[in-house]
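See below for the structure under consideration.
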Amino acid sequence: QTIYLKDYAPTPYRIVSVELDFRILEDSTRVRAQLTIEPREGTAPGTALVLDGDDLKLDGIAIDGAPLMLSAYLADATSLTLIEPPHRRFVLDTEVTLDPAANTKLMGLYRSSGTWCTQCEPEGFRRITYYLDRPDVLAPFTVRMTAPLAIAPVLLANGNPIDRGDAGDGMHYAVWHDPFPKPAYLFALVAGDLGSTTDSFTTTSGRKIDLAIYCTHGKEGECHHAMDSLKRSMAWDERRFGREYDLDIFNIVAVSDFNFGAMENKGLNIFNDKLVFAQPETATDANYHSIERVIAHEYFHNWTGNRITCRDWFQLCLKEGLTVYRDQEFSSDEHSRPVQRIHDVQNLRTNQFPEDGGPLAHPPRPDHYREINNFYTTTVYEKGAEIVRMLATLLGEADFRKGMDLYFERHDGEATTIEAFVKVFEDATGTDLGQFITWYLQAGTPQVTASDRYDADSQTYTLTLTQKVDPTPGQPDKQPLLIPVRFGLLGPNGSETSWTAISGATVRDDLILLDRDSVTLTFSGIANRPVPSLFRGFSAPVKLASGLSQDDLLFLARHDSDPFNRWDALQTVSTHLIAEASAGRRWSAGDTDALRSAVVDTLENSDLDPAFKAQAIAIPGVSAIGRHIGKDVDPDAIAKARLDLLSELAGPIAEKLAALYTALAIAEPYSPDAAQAGRRALRNGLMHLLVAGAGRGDVAAAQYESATNMTDRYAAMAISAHYWTEQAPALLGDFRTRFAGDPLVFDKWLMASAQAPDDGAIERMRAILAAPDFPRTNPNRLRSLLGSFVMSGSPQFTRADGAGFRFVAEAVAEIDKVNPQVASRILTGFRILPMLEAGRREAGRSALEALKSQHSLSRNVGEILDRILAV
Ligand code: ARG
Ligand code: ZN
């Protein structure tokens, strides 16, 4: 059954306050809830009160202390209805018993390696007690926990600890109170035997906040990077947005079974442990970076998500898009802004563009869903962040900040909407954003086409930009968007060209407002034909067909003052060459010579930083090129053309690459800082070219042996596996035994194994999954193997004989019985089917049809299947 935004209505009753009492025992947990409830103004006497439940069994029920007659309520697994509640404030008292150890869905209260923990967003709280489980019902919570002291000495919940003590019989208790009214999805509780790392942070106004990160005993030493990231996040939110933390204590708990990255529960963030633990021997630079980013993200939710939350789940992007924008800005301020931007755009193009251009396309603010868990998507998160970024671009930094200030002032304590968010910027700056809001409501990536003409006689330059959005499921007709195009015109010597006048469209400084299907601008006073640099810094999430020749693109790659476009120009050139060659139109030697010399110039340019160079010399992957081609894609043909290009680029300069590689070795002890990580990234990029283009599997094998940190060791193994070098099987074998017993490193082995392109790959993966000790209920393990198999463009997933599709579909059917969220996430990998050539498309469809014929699929998997099969 489908839920529609247009059906939104507030609940007839409000929850005034919540008291929860958890009695946690080894084999079951009893939950007593005392909810103070009252009718809202306008609610007619006798209106039924319907509370949500999921998999609950009611043990007892009373109102104001008096047990209810059987005729006064209806209770089943998914709801509790009070047929005629009192027409005044009353206390509803219910009791249920839970079995956290059996909760493999990892929503609600569950056990992870012995620790009791919770995940409630979006609809997990109803698996703990009957409740109005929706984000617009806010209440202060008081939580009492009683548990065996021996196995659960640590008892945590939201807010501040107000009492604790002995409860007799080896039990103890703790009471926590959270004064900030919150929706149930922000509830959290943790009970277990945990170690901790502690610190403190003093806010600008002088309040001292106690910080702690809890984890399995023995891992405390691996939490320092997370703690440091937290303190820097707290300082940054004060500096950049004027936001101080509001409680006296902030706790983070790392758990090893978690459905996604982390959760922003008020004052008690719960994290997937892979986003907390780091030490140089087992975590990569990329891991360090994600830890910092996600710690920041969850912390920033305290204001954008918790103090101001969502009215309903259609508004998810209100908190997620905005908070991703904030974490991206944090990373940019803490490290290199251009490198961060390239990183974020690459992520958007790799993950969001295929979603937006395929059967799972939906607006950042959807208007219907069957299963809300299927809408925690890259469109809501990353495209949502791009929309906020465009707002900042359009308004300018100062006015954007004014709007944000008004947002915090006007909506603090509320559950609100995208419309209200956009309105604060209108009100704070007097700007009409009526057209801008369409970005939230319309799915699909706009395609912008540029064409230009230079007239030497009149010294005028004319630039035409047109926009078009293809139909997406349920949205056949599209409106023109307001697209900010940051631009410059490069003169013959590579510097910016100035002009005397512009006509034809709105231009503000270096920003063109493309607000119709097509705009044409005429620049006068231009002495020479310029090369346009469009969408600098990727000023809008669009696909650009610039119409530029390879010469012009390589000119931009050398001279553009905008680092993003320098990088993008190189990517565009290699994408074109590979795409054309895969269709039988092979490049000329001149094309590859020119590209190679631009790459060499980039490598030798001492003004560019190594992290940027690493990004610039990377050759786009098979899936990126497939997306560029867009239809009737044959991944094997692309892979072959890509390897050819790599050989032509790297072969003739192999010695130079090897010399640069050697010179970049780092003698100092490992540090994850941007400078060192940048050098490592460049060195590993060079290794990549040597392995892929110059047959130097030995370089990777030697690096694997001599590596003193995981970044270098993992890169060596993963690249060897990816190109299936002679040494690859031995490296994989060594890695597995060398790090046996560390689950997060096992994940790296699973990811590298999933990339192997050889025909034995699927059999090996089947064997891994079937091994008796494979932890088949752990999301990290499953995602590392199957998630990376479907998402990383392995040629084995898209095998022409369909074996890859069948393997994944069968695995999804099994996983669905244990954890529907993990299953449906893996299944989304099939969204590429419509763009594949007919044979593979049909093979993929029949694997999905077979999956669909299974009975009792979850709503999560059922919805994704239907949406993919509908196209
Ligand atoms: N709010 C969390 C975050 O962005 C993620 C919750 C994800 N929930 C889900 N059902 N996928 O940090
Ligand atoms: Zn978030």
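Quick one: is V380 more than 14 Å from ligand 1 (Cβ to nearest atom), buried (at least 21 other Cβ atoms within 10 Å of the Cβ) and either part of a helix (DSSP H, G or I) or small (G, A, S) (or both)? Criteria not met by V380. When E810, E842, E837 are screened for being more than 25 Å from the chain's Cα centre (by Cα) and touching a residue at least 60 places away in the same chain (Cβ under 8 Å), only E837 passes.
Every residue, every condition in (1) of a type in the set (S, T, Y); (2) in contact (Cβ under 8 Å) with a residue 40 or more places away in the chain; (3) under 30 Å from I619 (Cα atoms); (4) within 16 Å of ligand 2 (Cβ to nearest atom), yes or no:
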residue: S331; (1), (2), (3), (4): yes, yes, yes, yes
residue: Q340; (1), (2), (3), (4): no, no, yes, no
residue: H362; (1), (2), (3), (4): no, yes, yes, no
residue: I372; (1), (2), (3), (4): no, yes, no, yes
residue: F375; (1), (2), (3), (4): no, yes, no, yes
residue: V380; (1), (2), (3), (4): no, yes, yes, yes
residue: D405; (1), (2), (3), (4): no, yes, no, no
residue: A428; (1), (2), (3), (4): no, no, no, no
residue: G434; (1), (2), (3), (4): no, no, no, no
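If you filter the range 635-666 down to residues that are without any contact (Cβ under 8 Å) to a residue 24 or more places away in the chain and outside any helix (DSSP H, G or I), you find that the one that is farthest from G621 (Cα to Cα) is I666. Find the helices (runs of 4 or more DSSP H) located wholly in the range 774-869 whose residues include 2 or more that are within 15 Å of L750 (Cβ to Cβ) and of a type in the set (A, V, I, L, M), and list them. Of the helices (runs of 4 or more DSSP H) lying wholly inside the range 774-869, those with at least 2 residues that are within 15 Å of L750 (Cβ to Cβ) and of a type in the set (A, V, I, L, M) span 788-791, 803-818, 820-827.
Let's see how each residue does on (1) of a type in the set (G, A, S); (2) farther than 25 Å from S112 by Cβ; (3) within 16 Å of ligand 2 (Cβ to nearest atom):
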residue: P183; (1), (2), (3): no, no, yes
residue: F201; (1), (2), (3): no, yes, no
residue: I213; (1), (2), (3): no, no, no
residue: H217; (1), (2), (3): no, no, no
residue: C223; (1), (2), (3): no, no, no
residue: S229; (1), (2), (3): yes, no, yes
residue: D237; (1), (2), (3): no, yes, yes
residue: V253; (1), (2), (3): no, no, no
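The residues listed here are S233, S290; of these, the one that is of a type outside the set (K, R), farther than 29 Å from I162 by Cα, within 16 Å of ligand 2 (Cβ to nearest atom) and not in a loop (DSSP other than H, G, I, E, B) is S290. The one condition from (1) buried (at least 24 other Cβ atoms within 10 Å of the Cβ); (2) more than 16 Å from ligand 1 (Cβ to nearest atom) that H343 does not meet is (1). None of A740, A675, A730, A767 is among the aliphatic types (A, V, I, L, M), surrounded by fewer than 23 Cβ atoms within 10 Å (Cβ to Cβ) and assigned to a loop (DSSP other than H, G, I, E, B) except A740. Residue check: is R164 basic (K, R), out of contact with any helix residue (DSSP H, G or I) (no Cβ under 8 Å at 6 or more places or on another chain) and within 30 Å of L49 (Cβ to Cβ)? The answer is no for R164. Take the conditions (1) more than 16 Å from ligand 1 (Cβ to nearest atom); (2) under 30 Å from Y714 (Cα atoms); V276 misses just one of them, which is (1).
To keep it simple, each residue is scored yes or no on (1) under 14 Å from the mean Cα position of the chain (by Cα); (2) more than 10 Å from ligand 1 (Cβ to nearest atom).
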residue: H289; (1), (2): yes, yes
residue: A296; (1), (2): yes, yes
residue: H301; (1), (2): no, no
residue: T323; (1), (2): yes, no
residue: S331; (1), (2): no, yes
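Here L247 meets the list (1) away from ligand 1 (no atom under 16 Å from the Cβ); (2) over 30 Å from L406 (Cβ atoms) almost entirely, failing just condition (2). Whether any residue in the range 497-505 is surrounded by fewer than 19 Cβ atoms within 10 Å (Cβ to Cβ), at pLDDT 95 or above and not aliphatic (A, V, I, L, M) is what I want to check. Looking through the range 497-505, none of the residues is surrounded by fewer than 19 Cβ atoms within 10 Å (Cβ to Cβ), at pLDDT 95 or above and not aliphatic (A, V, I, L, M). Restricting attention to helices (runs of 4 or more DSSP H) lying wholly within the range 587-634, give those where 3 or more residues are among the β-branched types (V, I, T) and within 30 Å of E842 (Cα to Cα). Where helices (runs of 4 or more DSSP H) fall fully within the range 587-634 and carry at least 3 residues being among the β-branched types (V, I, T) and within 30 Å of E842 (Cα to Cα), they are 622-629. Among strands (runs of 3 or more DSSP E) entirely within the range 504-570, having at least 3 residues that are among the hydrophobic types (A, V, I, L, M, F, W, C) singles out 511-514, 518-524. Residues of the range 678-696 that are part of a helix (DSSP H, G or I) and not small (G, A, S): R679, R680, L682, R683, N684, L686, M687, H688, L689, L690, V691. Could you look through the range 255-269, keep only residues that are in a loop (DSSP other than H, G, I, E, B) and closer than 16 Å to W303 by Cβ, and pick out the one that is farthest from ligand 2 (Cβ to nearest atom)? Checked the range 255-269; the qualifying residue farthest from ligand 2 (Cβ to nearest atom) is G267. With respect to T309, is the statement that it is at pLDDT 95 or above, more than 17 Å from the chain's Cα centre (by Cα) and within 13 Å of ligand 1 (Cβ to nearest atom) true? Yes: the conditions hold for T309.
The values are calculated or read from the model by the stated rules, or taken from the named source; none is laboratory data. No experiment lies behind these values; they were computed from the predicted model shown. Here the Cβ is made from the backbone with ideal geometry for all residues, glycine too, and neighbour counts use every protein chain on show.
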